[in-house]
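K.L.:
My structure is below; once you've seen it, I'll send some questions.
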Amino acid sequence: MAANRRNGTASPAHGLEDILAAAAPHPRTSLPNVATTVTMVAALYFGREVFLPIAIALLLTFALAPLVATLKRVGIPRIAAVIASVLGAFAALALFSFIVVTQVSELAQNIPVYQTNILTKIRSLKETGVGGGIIAKLSRVVERVGQEIDRQDASLPAATPDKPAREPVPVEIVARERPLEVLQNIVGPLISPLGSAGLIIVVVIFMLLEREDLRDRFIRLVGYGDLHRTTEALQEAGKRVGRYLLMQLVVNIVYAIPIAAGLWILGIPNALLWGLLALALRFVPYIGPAIGMLLPLLLALAVAPGWSLVLWTAALFVVMELVTGNVVEPWLYGSRTGLSPLAIIVAAIFWTWLWGPLGLVLSTPLTVCLVVLGRHVPQFEFLDVLFGNEPVLEPHARLYQRLLAGDPEEATDHAEEILEEKYLFEFYDKVAIPALLLGERDRARGVMGDLQRRQVAASALTLVANLDDEAQQEAAEEDVPPEAGEPGDHADGAGEDEPDLPDGSDMSVLCVGGRGELDDATAAMLAQVLEVQGATASKAGFAEMEPASIRRLELAAVDTVVIGFLNRDSVKHARFLVRRLKRAKAALRVGIVFWSETGNDDKEASARLAQDMNADFVAHGMVDAVVGALSNEPPVALKLIAKRRMRRQRAAPKKVQAATAS
């Protein structure tokens, strides 16, 4: 873990470099009103005959655009490249459909052959009593229903000698259809899908030909005031959707070929059909692979009299799904789709209800487009919040929420996730201290009571205690000298901006909370970081800094006292504590930390403030606090206040006169 951090390697999973960067708080996300939402959904539902072909054409445009660009770079004219790409794609779809139809018709002819094996398995289940007699119970239910129907037939008036029962007269309806009507009945059902396919082909061709013009019109319509943001949105949508469709096709082919080959080896009829269906159904999230596995399993049940073929078929699908999901997809997908798993399920349900089976297939790429739109257009930001996979709370806000809820265990999990890539002082400086600053702001504006404040502070102290193992591990790594050719601690290999913290061996530091329980928690964090650097660090609470208690502090072996304040309006109180501590021990170095999310941006202002308070240093972040606490500079002498200075000035001449007289 630490080796990754020291060598500068970054984990691709979470991108914590960007997450941990200090950022301004996001404005509140506005949600669309109910009327707008209902209107949009109703338009998509009732206008599906119009919007569905356009949606399919748009996604195909995203998928074929890279192919058209490649053909153009080879030297093929634009029109020829577009027509060749579109016709090639639809020819592949037509060939796929033809093979599927042929295989299905062949399977339908062989179904009666499998009837004997199915009946044999049902008899074996019935004889062995598998299922707790469920089959027998179902059989009795069917028999009772048949008896009830016969009883109702018996209740009808029976025939008498006077009125013999009449035999039913067979009636045959002969439809005299004209040849044109027969042709219409045959061709009619084919017109709608063929017409839709032709319309989609035409739309895709024109979208690819007029791609730049359509892009400019879209920018002029919705994003002319911010060309940069709109251009980024279009580029990201095209790149992400096109990459998803292409990579999903490659993954499905890699998945389907072993499935078809394995089914052929096992002896499952029409193995090519099941491989093609597995390829197509895997575009449907989650339920597609299950459906693709169910049909071959049923056929395996009907083909062989035993159960071994069923088990081998199930094992084939399970193994391929595990390999594809855990090896092939992570290898081929760079950043996945940007959707959360729950969002994929919800999107599948919504688009299926809206547009039927085609909506289910299109659900993921359509939702990807919506998330990209929400990521770049403020009016649609709620879409990115609802369906995106990026964290919606900044790390320090998420940590504060866990502390506020009194859940230090989950806060520890959150911290350990960040500490896989970051050092302890970075976590405290960029996440934990800003989280406590949120608590201090809530306290200052009166929304946090005393009980809740103490609960947050106690959870923060528990978090610090839970991270003792991490601190000890980092301290042990600091003591290990680097091998030849390897970077040392905080070397350039870990990043140019990484600070070089001083060694604290043979130094003793007392970390003190300034004015409240939350300040005590920051003191515990600073003490833990100083221990990692090799210093002897101790802690004291704000209650021990009362005037009557300061004299009882054990300061004999302490080199430096660092007092932390989350409230930056505590300058007067800080000046008072500095004066008291330096009176208690003249050779004591005293530093003040006014915690801030951004650290110390103005060194000169901090130096003037330290001089004004008679402090040895003033810091605003964890790095400056550690550097100041472990400094070897001599302590600043305590300045005399004006009244005492005047008394000494008056007493000086009198002492001179007395010395002269003597």
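K.L.:
Any residue at all in the stretch 614-637 that's without any contact (Cβ under 8 Å) to a residue 24 or more places away in the chain, assigned to a helix (DSSP H, G or I) and in the same structural domain as G514 (by TED's automatic domain parsing)?
P.N.:
No: the stretch 614-637 contains no residue that is without any contact (Cβ under 8 Å) to a residue 24 or more places away in the chain, assigned to a helix (DSSP H, G or I) and in the same structural domain as G514 (by TED's automatic domain parsing).
K.L.:
Just a yes or no: is a residue in the stretch 588-610 at pLDDT 85 or above and over 26 Å from Q533 (Cα atoms)?
P.N.:
The answer is yes; a qualifying residue exists.
K.L.:
Shifting gears a bit: From the list L87, L107, L67, which residue is surrounded by 11 or more Cβ atoms within 10 Å (Cβ to Cβ), in a helix (DSSP H, G or I) and not assigned by TED's automatic domain parsing to the domain that holds L246?
P.N.:
Working: L87 fails: not assigned by TED's automatic domain parsing to the domain that holds L246; L67 fails: not assigned by TED's automatic domain parsing to the domain that holds L246.
Of L87, L107, L67, the one residue that is surrounded by 11 or more Cβ atoms within 10 Å (Cβ to Cβ), in a helix (DSSP H, G or I) and not assigned by TED's automatic domain parsing to the domain that holds L246 is L107.
K.L.:
So A43 passes all but one of these: (1) in a loop (DSSP other than H, G, I, E, B); (2) at pLDDT 85 or above. Which condition number does it fail?
P.N.:
With (1) in a loop (DSSP other than H, G, I, E, B); (2) at pLDDT 85 or above applied to A43, the lone miss is (1).
K.L.:
If you don't mind, another one. Could you tell me which residue of the stretch 328-368 is modelled with the highest pLDDT, considering only residues that are polar (S, T, N, Q) and in contact with a helix residue (DSSP H, G or I) (Cβ under 7 Å, 6 or more places away or on another chain)?
P.N.:
Our first condition is that a residue be polar (S, T, N, Q); within the stretch 328-368, this holds for 335, 337, 340, 352, 363-364, 367.
Okay, now just the ones that are also in contact with a helix residue (DSSP H, G or I) (Cβ under 7 Å, 6 or more places away or on another chain), so 337, 340, 352, 363-364, 367.
Values: T337: 58, S340: 71, T352: 84, S363: 81, T364: 78, T367: 81.
Of everything passing the filter in the stretch 328-368, T352 is modelled with the highest pLDDT.
K.L.:
Looking at (1) buried (at least 23 other Cβ atoms within 10 Å of the Cβ); (2) out of contact with any Leu (no Cβ under 8 Å at 6 or more places or on another chain), which is the one condition that is false for D413?
P.N.:
(1)
K.L.:
Applying the selection to the stretch 259-302, what residues are among the aliphatic types (A, V, I, L, M), within 18 Å of S105 (Cβ to Cβ), in contact (Cβ under 8 Å) with a residue 24 or more places away in the chain and in a helix (DSSP H, G or I)?
P.N.:
Listed by number, the residues that qualify are L272, L273, L276, L277, A280, L299, A302.
The values are calculated or read from the model by the stated rules, or taken from the named source; none is laboratory data. The structure displayed is predicted, hence computed values, not measured ones. For neighbour counting, all protein chains shown are included, and Cβ atoms are generated from backbone atoms with ideal geometry for every residue, glycine included.
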